[in-house]
Amino acid sequence: MVPWLNVVIVVSDNGRFGGKFVDRRHWRKSYPSFPRFKCPRCSQGLLTSNKDSFILKQPEHIRRDIGEAGIDMAAGRFSGFLMCNFKFCGEVVVVAGDYQEHVHYQYDDRVDEEVPDVTTTYTPGFFSPPPCIIALPKKLTDKVEEHLSDAFGLLWVDAAACANRLRIAVEYLLDQLAVPRKGKRRNGKNGDLDLSERIEALDIVRPGHKSALNALRHVGNTGSHEGTADFEDVLDCFELLEDAMLELIEERKQKLEETAKRLSQKRGKPQA
Ligand SMILES: [Zn+2]
């Protein structure tokens, strides 16, 4: 292990950009080409795909099956690199998964015949390091950040595990917001509060986030108990959590209200 390598990763910005970050157009199960994701290490660069680094391999059993079915396509596994275009960072992200190539024939009047047009679709199953799906507030505790960073990677590997990790991140977010883990339960007895009871406790002091956090709890529970979660539902959870963190940790609305108040007071002063 190279000691400085670990330090570089720990002190990196790691998605702590502030502000809203999630862009639903960026997050899909499959891509014809990879969008320019924000670099997971720095806040400056975008990830550009190096076409030459992409390797596509078709297993023999798939080649045989496609041949027997008489379909004009190819399918198999791919790997490639995406690189940060900020020259002082230059992070390298590896991506791997499945691909499909479909051949369409289109008439080309220049050559007076039908010519093949190949479209490739990449379905990533792994990114390392994974792109940040939402922005992490600067004041987020290490525990919340750790689970969210893991969730970014798990989205591609196992959406149910990702949903479960988001649920755990909510538990630690409530710790950061000083919501106790023990107290009077719904049944009137003292004991360990479950997540639902903790969300209720938060709602008393910081109202307005109960339904968003409960949605994360429900999707996380389904992920844990049934082992499945819908990719789009998990993206909804990321988006809900990003908005909740902007209000609860960065206090966006409160800061904007303070700015508005300050400006009104300034303009309201009698002219000299
Ligand atoms: Zn970078």
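Since every read-out is calculated from the coordinates, none of them should be taken as a lab result. This structure is a prediction, so every number in the text was calculated from the model and none was measured. For neighbour counting, all protein chains shown are included, and Cβ atoms are generated from backbone atoms with ideal geometry for every residue, glycine included.
Annotations
- Each listed q (0.15, 0.19, 0.23 Å⁻¹) maps to a log10 I(q)/I(0) for segment 133-252 from the Debye sum over equal C-alpha point scatterers, namely -0.63, -0.99, -1.36.
- For Asp98, residues with placed amide H under 5 Å, excluding near neighbours: Phe78, Thr123, Gly125
- For the chain, built as a Gaussian network whose Cα springs stay under 10 Å, the top-fluctuating residue of Leu256, Leu195, Leu213: Leu256
- Listed cross-link partners Lys184/Lys261; Lys143/Lys253; Lys29/Lys184 are compared with a 32 Å cut-off, the Cα-Cα value being larger for Lys184/Lys261; Lys29/Lys184.
- Cys residues of the chain counted as unpaired, since no other Cys beta-carbon is under 4.7 Å: Cys132, Cys162, Cys237
- Once C-alpha pairs closer than 8 Å and six or more residues apart are averaged by separation and normalised to the residue number of segment 197-272, the relative contact order reads 23 percent.
- Rg over Rh [alpha-carbon atoms, Kirkwood Rh] for the chain: 1.09
- Couplings 3J(HN,Hα) of segment 25-37, computed from phi: 5, 7, 10, 9, 6, 9, 9, x, 8, 7, x, 7, 4 Hz, in residue order, whole Hz [Karplus 6.51 cos²θ - 1.76 cosθ + 1.60, θ = phi - 60°; x for Gly and Pro].
- Relative contact order of the chain: 16 percent, from C-alpha pairs under 8 Å at least 6 residues apart in sequence.
- The trypsin sites (Lys or Arg not before Pro) of segment 136-187 that meet both conditions, a loop assignment by DSSP and at most 15 other Cβ atoms within 10 Å of the site Cβ, are Lys138, Lys139, Arg181, Arg185, Arg186.
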